[in-house]
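Chemist: Got a structure for you, questions after.
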C-alpha cells in the first residue's frame, strides 16, 4: 500500500507540473512548489489552519522551499513512521545508534564539563556537522560513521522551552538521547501530537520536518545528545551522496538554523 501511495503521489506531482508548464512555462515552478508543499505538510496528523500558516509563511518556510527534495527522499526511502523505536530501523543503523549512545554514556562527565561556563537558557555544542568535524575534544566522535552525520549536544536550563518549529530536510532522521537521565516528567518533547517524556524514554527518534517543540518545565538541567542519521533507503548510496552535497552547501549555516541558541 505504501509503494502504491508513493507511485500515485509521484505521478500526481509530475502530471501537475506538465499541466501547469503547458500554460505558464517557466512560471509553472510556482504552482509546482505550492503543490509539493501541500503534499508535504499534509503528512501531519495535527493539521489545522495555524499549522498551514506556520509552514508556508512562518518557521516552516525553509521546509516548504525544500519540499521537492524531501518528497524525492520519500520516494527513495523506506516507510516513514514519523516516530521510531530503534528496532524499526535496519540493523546497520541500530548498530551505529547503540555505539553513539554508549559513547555519550561513557563521556557524560567530560561533555557536561564543557558546559560549565554556559549561562544561557539554551546552549548547543556540535562535535560534527554534516560529517565535518567541528570539535575534536572527544576523539571517538570523530570517527567516520556510515550513517551518523551530525553529532551535538543541547542543554536546556531550568524552565526553558523552544517555540514550535520544523526541521528543514528529510534526508536524515533526528535522534535525541537524554544522557543525563532527568528525574521528573516535566521535561519532554512533542512532535506532531506525540509526546515523549525523557524520564520514561531517554531515546527518541523522529522525522524532524514535522512540527515539534521541546520543553523543560522542571528546576533541573536537561542534556540531550543531538544526532542526525541518514534516512534508511532502498538506495543508501544516493541518499548519502545527496546529504553530502547538501551538507557542503550548508556547512557554514549553523548560525541560521540555531540563531536562538548559544554555541559553545
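The values are calculated or read from the model by the stated rules, or taken from the named source; none is laboratory data. Everything numeric here is computed off the predicted structure, so don't read it as measured data. No Cβ is skipped: glycine too gets one built from the backbone with ideal geometry, and neighbour counts run over all protein chains shown.
Chemist: Report yes if residue 71 is within 27 Å of residue 160 (Cα to Cα), within 19 Å of the chain's Cα centre (by Cα) and assigned to a helix (DSSP H, G or I), otherwise no. Write out each step before concluding.
Modeler: Details: within 27 Å of residue 160 (Cα to Cα): no; within 19 Å of the chain's Cα centre (by Cα): yes; assigned to a helix (DSSP H, G or I): yes.
Considered against the rule, which asks whether it is within 27 Å of residue 160 (Cα to Cα), within 19 Å of the chain's Cα centre (by Cα) and assigned to a helix (DSSP H, G or I), residue 71 comes out as no.
Chemist: Would it be correct to say that residue 211 is within 30 Å of residue 56 (Cβ to Cβ), touching a helix residue (DSSP H, G or I) at 6+ places or on another chain (Cβ under 9 Å) and at pLDDT 95 or above? Walk me through how you get there before you give the answer.
Modeler: On the way: within 30 Å of residue 56 (Cβ to Cβ): yes; touching a helix residue (DSSP H, G or I) at 6+ places or on another chain (Cβ under 9 Å): yes; at pLDDT 95 or above: yes.
Here the answer is yes, as residue 211 does meet what is asked.
Chemist: Right, something else. How about the range 191-209: which of its residues are closer than 17 Å to residue 226 by Cβ and either surrounded by 15 or more Cβ atoms within 10 Å (Cβ to Cβ) or in contact (Cβ under 8 Å) with a residue 40 or more places away in the chain (or both)? Talk me through it step by step, then tell me what you get.
Modeler: Filtering the range 191-209 for residues closer than 17 Å to residue 226 by Cβ gives 191, 196, 198, 201-209.
Across the range 191-209, the qualifying residues are 191, 196, 198, 202, 203, 204, 205, 206, 207, 208, 209.
Chemist: Out of 148, 138, report the one residue that is in contact with a helix residue (DSSP H, G or I) (Cβ under 9 Å, 6 or more places away or on another chain) and crowded, with 20+ Cβ neighbours inside 10 Å. Spell out the reasoning first.
Modeler: On the way: 138 fails: crowded, with 20+ Cβ neighbours inside 10 Å.
It is 148.
Chemist: Tell me, yes or no, whether the range 100-122 has at least one residue that is in the same structural domain as residue 215 (by TED's automatic domain parsing) and assigned to a strand (DSSP E or B). Before the answer, list the steps.
Modeler: Pass one, the range 100-122, residues in the same structural domain as residue 215 (by TED's automatic domain parsing): 100-122.
Subsequent filtering for residues that are assigned to a strand (DSSP E or B) retains 122.
Yes.
Chemist: Suppose the filter is surrounded by 12 or more Cβ atoms within 10 Å (Cβ to Cβ), out of contact with any strand residue (DSSP E or B) (no Cβ under 7 Å at 6 or more places or on another chain) and either closer than 19 Å to residue 178 by Cβ or not assigned by TED's automatic domain parsing to the domain that holds residue 150 (or both); does residue 132 pass it?
Modeler: no
Chemist: Let me ask something else about it. Counting residues that are over 16 Å from the mean Cα position of the chain (by Cα), which strands (runs of 3 or more DSSP E) fully inside the range 160-264 reach at least 1?
Modeler: Working: elements: 172-177, 187-191, 194-197, 203-206, 212-216, 222-230.
Of the strands (runs of 3 or more DSSP E) lying wholly inside the range 160-264, those with at least 1 residues that are over 16 Å from the mean Cα position of the chain (by Cα) span 187-191, 194-197, 212-216, 222-230.
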